[in-house]
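Nothing in this text is a laboratory measurement; each read-out follows from the coordinates by a stated rule. These numbers were taken from a predicted model, which means no experiment stands behind them. With ideal geometry, Cβ positions are generated from the backbone for all residues, glycine too; neighbour counts draw on all protein chains shown.
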Amino acid sequence: MKEKLVLIGNGMAGVRTLEELFKIAPDHYDITVFGAEPHTNYNRILLSPVLAGEKTIADIILNDSGWYKEHGITLHTSSKVVDVNRSAHRVIAEDGTMAEYDRLLLATGSNPFIIPVPGHDLEGVIGFRDIQDVDTMLSAARQGRHAVVIGGGLLGLEAANGLQIQGMEVTVVHLTETLMERQLDTESGKMLQQSLEAKGLNFLMTKQTEAILGNEHVTGVRFKDGLEIPADIVVMAAGIRPNIELAKKIGLHCERGVVVNDTMQTFDPRIYAVGECVQHRGLTYGLVAPLFEQAKVCANHLARYGIGRYPGSITSTKLKVTGIDLFSAGNFIGDEQSEEIILKDASLGVYKKILLKDDKIQGAVMYGDTVDGAWYFQLMRDGTDVSGFRDALMFGQAHLGDSGHGGQNAAAAMSDDMEICGCNGVCKGDVIKAITSKGLFTLEEVRAHTKASSSCGSCTGLVEQILASTVGDYSTTPKKKSLCNCCEYTHDEVRRSIVENHLTTIGAVHEFLEWKTTDGCASCRPALNYYLLAAWPREFVDDPQSRFINERAHANIQKDGSYSVVPRMWGGVTTADELRAIADAADRYEAKTVKVTGGQRIDLFGIKKEDLPSIWADLNAAGMVSGHAYGKSLRTVKTCVGSEWCRFGTQDSTGMGIQLEKMAWGSWTPHKFKMAVSGCPRNCAEATIKDFGVVCVDSGYELHVGGNGGIHISATDLLARVTSEEEVKEYCGAFMQLYREEGHYLERTAPWIERVGLNYVRNRIVDDDSGRKLLYERFLESQQVFQYDPWAKEVASSKRRNTYIPIKQVS
Amino acid sequence: MNNWVEIGPFDEIPRQGSRILKTPFGNIGIFRTLDDEVFALRDQCPHKGGPLSQGIVHGKHVTCPLHNWSIDLATGEAAAPDVGCTTRYDTKIEDGVVYLQLGR
């Protein structure tokens, strides 16, 4: 016998809760939905584009009647619930329809605040809330001339924009002197007003409405200062109030909204509430992202999992007026302890303000150039200490040298046929089409459906802009990112669990942490394998089946299924004998291409998998070992010739590089790790874009960390200066060990250092002498287990050799 | 029409892994899941022909090593939202030996 769930309210928050519920417990309830409107669930945020003629009602339906049928939901439309008998657990609608419940979900939304001036109930005075309102506005536009919008906030401006596009003469009335004063400061508010006036809107600022004039239908509006203006329609956009009429009637505790706790439960334990009708920790929300977060938590509890918690939301807003780029988040007004960073270029129409307090972003306002809005928002939500990059903060996330999106940073300026994602060949139009036709709401969904932003990620800012302007409210990725879809835990939580509970196999982790899948997925298995390896170097038995093919086969898979082989070339130095051995191998195994790599060694392409053990044996015989060109491991140590040959060389950079490579080769790291040693500050080995780079100077060695070439080019930060080769090795080993113990799997050193802060790394490696030595010791100890040539190991085991050849061949 | 081909001992297929059957018209991947079920698919991802046999096996799926498409081992279908299908073959295990049904 299924339990009964009744949902009062057929809007976005309530239905989203059902969708989240279906993901985790699809058969738990018999569901009945009561909706006061005649429609199925539609995207209320997109009413603005409907009013502006940019979308149709059909475009904005989120769940059609087929969806309700498919899930066995009994839907009552045009059916307003007027009472709930809480002791009999029964819901009663206006027309007498009744439904019993085991659990009740209130999602009654909010009502527009109609200012209580005389005439407020005349015909033609409406809110901007539902499809009915849009129909009224469109019909007024067809017949009348003058529209007055009371309220210059987000909604009011979108209504005004739409009515003006439909041909009406629109006046926006606002109480204060700044439009959207909850999202904008004076400066940006002024810029916005000027842009909108240029489009043809009229503004009456600091005006208080006294009365709405007319007999049965509205004819005009009068203000307190005596001014009167004509009006054929008056749109009240002066705010919204949670719709708690029913909740209050049935005795639920309400203040401004229905009061709920962190599990979205009201004071009646059988009754939950989500959405705009809710008051949580004193706050109410009118934007969609928080409501979706609430829906997820509520579904968790309705499904009896009992572990979701909603802590509240920080919100960002985007104005949906085509051609105007506006983004705001958090608190940007500030006080004596806060600092502002402002960039203003009036001719370009750009204004950006970031408010900082204690080196953390409190809020941001951006007008005209909003490509970094989502980045600032993420930094704000994560409470990231920005002191390390404060000087570059205002210039955004895109780094010098980033490629793949043609230097564009304003999606609005791009036409639909322009390529947005260089890795996957996705153009702007493709993204928009996928969003609207498939009802996508989040960046993750866009990635999954279009592949845009799913490879290197440098076009993410642009994709987010398109998402925000197409969908309306931007639903950002959650603050705590879980390891993957197989669990809710973060990387740090999983790591901690492994150590605290002495979990030593992947299966043990799956069992202890109640993994949602039988044996994980292609993302989490390698991550767990790495974390277990890092935690228990002597105990854990590496699982080749949980390694990506490159690491499993110790070679780089190419697009035709063949492999490339890269023997190690210490410090980029080779000998004639080694070159002969490589050439012989190229001939014997019919390598299709022989290429010098960026890491200063040679790569043989086109090697068949079944030939790998043989080519390795040949290279081993010539004294060469695996170059680990395929691994999340130490790759290479590039060098330039130093004092051995170069007239500018200050130290023996080549010798130092070879020492470092001999020390660190064979080590497994969260992501590929690259080093270089340059013989002088001319830096010919490019040490300052390496994870660990050494620049020799006359007095010793500069140690640089956290450089990553590639997708997001990051130059290094200077860590320390030392005077001896032994110290260089100690600092290097300690830094690598810290990274191995604390970096997330697949997190390169640059984002890792950005996450934990350079100061933290300095404290652990430079300031804490004994700590550094301990880290170095642990690194060397681990190397005693892991520093071996995997090629030789594979060749030596007939069982392992077998896995490279087909099990059978038929003719 | 019975066309069972003997592949080899079940133990020679790594758990959560695969071995390759080489044929004149291309390779076939013989997969073994964590709970010891055996499946067989044409060793060609419906996306760009990548060798599925080299992917990571999880549950009853394999993730293609080239571009991460997830393929259902039982049906050969790509997981939504990707669309595509690769040929699947029947297999059976008798006395610890794996057999595959070739051809149509």
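Quick look at the numbers
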quantity: Those trypsin sites (Lys or Arg not before Pro) in the range A:482-582 that DSSP places in a loop and that have at most 14 other beta carbons within 10 Å; calculated: A:516, A:538, A:559
quantity: Other-chain or far-sequence residues with amide H under 5 Å of residue A:3's (modelled H); calculated: A:30
quantity: Nearest-0.05 FRET efficiency for residue A:395 and residue A:333, computed from C-beta distance (R0 22 Å); calculated: 0.40
quantity: Residue (of A:143, A:687, A:619) at the positive-pole extreme of chain A, dipole from beta-carbon charges; calculated: A:619
quantity: Stretchable slack from residue A:211 to residue A:436, in nm (0.36 nm times residue separation minus alpha-carbon distance); calculated: 76.9 nm
quantity: Estimated FRET transfer efficiency (residue A:573, residue A:518; beta-carbon r; R0 45 Å; 0.05); calculated: 0.40
quantity: Label-point separation, residue B:83 to residue A:538 (7 Å along Cα→Cβ), nm; calculated: 5.7 nm
quantity: Sequence-distant residues sharing a close amide H with residue A:677 (under 5 Å, placed H); calculated: A:638, A:639, A:640, A:694
quantity: Cα→Cβ-extended label distance, 7 Å offset, between residue A:227 and residue A:788, nm; calculated: 8.5 nm
quantity: Summed residue charge, Cβ within 15 Å of residue A:38's Cβ, Lys/Arg positive, Asp/Glu negative; calculated: -4
quantity: Length-normalised contact order of the range A:640-745 in % [C-alpha pairs under 8 Å, at least 6 apart]; calculated: 21 percent
quantity: Hits among lysines - C-alpha to C-alpha of residue A:632 under 23 Å, sequence gap 8 or more where chains match; calculated: A:481, A:559, A:595, A:608, A:609, A:662, A:672, A:674, A:690, A:729, A:793
quantity: Gain in span if fully extended, residue A:111 to residue A:508, counting 0.36 nm per residue against the direct Cα distance; calculated: 137.8 nm
quantity: Charge context of residue A:785, other residues only, Cβ under 12 angstrom, K/R +1, D/E -1; calculated: -1
quantity: Cβ-placed point charges (K, R +1; D, E -1), dipole of chain A about Cα centre in debye, nearest 20; calculated: 1500 debye
quantity: For residue B:73, residues with placed amide H under 5 Å, excluding near neighbours; calculated: B:61, B:62
quantity: Whichever lysines have a C-alpha closer than 26 Å to that of residue A:207, once near sequence neighbours (fewer than 8 apart) are set aside; calculated: A:190, A:199, A:224, A:318, A:320
quantity: Restraint check, A:55/A:80; A:296/A:353; A:516/A:808, Cα-Cα greater than 30 Å; calculated: A:296/A:353; A:516/A:808
quantity: Anchor residue B:22: aspartates and glutamates whose Cα lies under 19 Å away (excluding residues fewer than 8 positions away in-chain); calculated: A:560, A:610, A:611, B:6, B:11, B:12, B:43, B:90
quantity: Dipole moment magnitude, nearest 20 debye, the range A:761-803 about Cα centre, only Lys, Arg, Asp, Glu C-beta charged; calculated: 280 debye
quantity: Selected from B:57, B:83, B:38 as most flexible by GNM, with chain B as the system and alpha-carbon contacts under 10 Å; calculated: B:83
quantity: In nm, spacing of pseudo-spin labels at residue B:35 and residue A:492 (7 Å Cα→C-beta vector); calculated: 3.6 nm
quantity: Net lengthening on full extension, residue A:3/residue A:759 (0.36 nm per residue, minus Cα-Cα); calculated: 266.7 nm
quantity: Residue-by-residue Karplus 3J(HN,Hα) for the range A:76-81, coefficients 6.51, -1.76, 1.60, Hz, glycine and proline x; calculated: 10, 8, 6, 10, 7, 7
quantity: Helix-only CD estimate at 222 nm, as mean residue ellipticity for chain A, using -39500 (n - 2.57) per DSSP H run (n ≥ 4); calculated: -9500 deg cm²/dmol
